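See below for the structure under consideration.
The values are calculated or read from the model by the stated rules, or taken from the named source; none is laboratory data. These numbers come from a predicted model, not from an experiment. All Cβ positions, even for glycine, are placed from backbone atoms using ideal geometry, and neighbour counts span all protein chains on display.
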Amino acid sequence: MNPLRSLRVRAFTLIELLVVIGIIVLLAALLMPAIIKVQDSSKMTAAQSNLRQLGSVVMSYVNDTGKYPPGSDAGLGSWLPCNGEVTPTWRGYWSDILSPYLGLNSYWGSQTSPIFDSPAKLIKTAAPTVAFTPNPQIIQDTQWGSGHVIPASRVTRQSSVILLGDAVQDPVHGWVCFLPWQQSQLYDSDPNNADQYIDATNNKDDASNQFRFRYGNKGQFLFCDGHVELIENGKLQKKNFAISY
């Protein structure tokens, strides 16, 4: 008997190799949904953390001024002539106005902190952009619309009134429709309608002025008292947007 023959390693047959490869592919297919679910959960947790931090920033602003920031603001600077009219000095959107509380000096989104962004948004952008939209009754347009700066004392139901939520993105650029005056359909001042549900949206990134429900048709919303809730599309209520009744 040749002693070298007993040391010879038996090779796999083609069928055995195909069986092993098939098992690996099957296991990968079984594990992939779990991996995606873990990734989605991680993104949701990160977005929730960003919303909570934004809540703290807004509260710092409210503590300093006694008011909520405007959605867009002319500021209190000098008045400049423009096309024969007088227009106030432009100061920026609500995110620009809050940026100094994050050590930034933003102007038209020139310096956007990552906490304004959401890792869960589907259309990625090269730099951080605002990914949340405000309640148009709390953060109102004082530049082009007829809105007012809202004193904090006017919000009497802080635990049930929404401050910010995930926003729909523009499908081309990934920008979000975060301008508060674009959300006027949410307003209902009749207390008899407080518990009515707001119609579900198409929930697509189509540049419409709607909230986005990114997590299994559910969205994250920051309330005025600082807590965050995951709410199903079609389950938002009129009272979640009314300042007071």
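Collect the residues in the range 148-170 that are of a type in the set (D, E, K, R) and closer than 15 Å to residue 237 by Cβ, keeping them in residue-number order. Explain how you work it out, then say what you get.
Residues of the range 148-170 of a type in the set (D, E, K, R): 154, 157, 166, 170.
If the condition is that a residue be of a type in the set (D, E, K, R) and closer than 15 Å to residue 237 by Cβ, then 157 is the only one that fits.
Can you tell which of 204, 235, 239 is outside any loop (DSSP other than H, G, I, E, B) and basic (Lys, Arg)? Walk me through how you get there before you give the answer.
Working: 204 fails: outside any loop (DSSP other than H, G, I, E, B); 235 fails: outside any loop (DSSP other than H, G, I, E, B).
Testing whether each residue is outside any loop (DSSP other than H, G, I, E, B) and basic (Lys, Arg) leaves just 239.
Just checking, does the range 209-219 include any residue being in a strand (DSSP E or B), free of Cβ contacts under 8 Å to residues at least 60 places away in the same chain, within 15 Å of residue 132 (Cβ to Cβ) and of a type in the set (S, T, N, Q)?
Initial filter on the range 209-219 (in a strand (DSSP E or B)): 211, 218-219.
Then keep just the ones that are free of Cβ contacts under 8 Å to residues at least 60 places away in the same chain; that gives 218-219.
In the following step, the residues that additionally are within 15 Å of residue 132 (Cβ to Cβ) were identified as 219.
The next check asks that each one be of a type in the set (S, T, N, Q); those that pass are none.
Within the range 209-219 (the criterion being in a strand (DSSP E or B), free of Cβ contacts under 8 Å to residues at least 60 places away in the same chain, within 15 Å of residue 132 (Cβ to Cβ) and of a type in the set (S, T, N, Q)), the answer is no, since none of the residues qualifies.
Kindly check whether there is at least one residue in the range 177-189 that is out of contact with any helix residue (DSSP H, G or I) (no Cβ under 6 Å at 6 or more places or on another chain), loosely packed, with under 14 Cβ neighbours inside 10 Å, part of a loop (DSSP other than H, G, I, E, B) and modelled with pLDDT of 90 or more.
no
Any chance the range 167-176 includes a residue that's surrounded by 14 or more Cβ atoms within 10 Å (Cβ to Cβ) and in contact with a helix residue (DSSP H, G or I) (Cβ under 7 Å, 6 or more places away or on another chain)?
Looking only at the range 167-176, we keep the residues that are surrounded by 14 or more Cβ atoms within 10 Å (Cβ to Cβ), and these are 167-170, 174-176.
Narrowing further to those that are in contact with a helix residue (DSSP H, G or I) (Cβ under 7 Å, 6 or more places away or on another chain): none.
No: zero hits.
Could you tell me how many of the residues in the range 132-147 are more than 27 Å from residue 233 (Cα to Cα), of a type in the set (A, V, I, L, M, F, W, C) and in contact with a Gly (Cβ under 8 Å, 6 or more places away or on another chain)?
Number of matching residues: 0.
Return yes or no: is residue 47 in contact with a strand residue (DSSP E or B) (Cβ under 7 Å, 6 or more places away or on another chain), modelled with pLDDT of 85 or more, under 24 Å from residue 163 (Cβ atoms) and surrounded by 13 or more Cβ atoms within 10 Å (Cβ to Cβ)?
Values: in contact with a strand residue (DSSP E or B) (Cβ under 7 Å, 6 or more places away or on another chain): yes; modelled with pLDDT of 85 or more: yes; under 24 Å from residue 163 (Cβ atoms): yes; surrounded by 13 or more Cβ atoms within 10 Å (Cβ to Cβ): yes.
Yes; evaluated as a whole, the condition is true for this residue.
Determine which single condition residue 99 fails, assuming it passes every other condition in (1) farther than 17 Å from residue 51 by Cβ; (2) more than 16 Å from the chain's Cα centre (by Cα); (3) surrounded by 22 or more Cβ atoms within 10 Å (Cβ to Cβ).
Checking residue 99 against (1) farther than 17 Å from residue 51 by Cβ; (2) more than 16 Å from the chain's Cα centre (by Cα); (3) surrounded by 22 or more Cβ atoms within 10 Å (Cβ to Cβ), the one that fails is (1).
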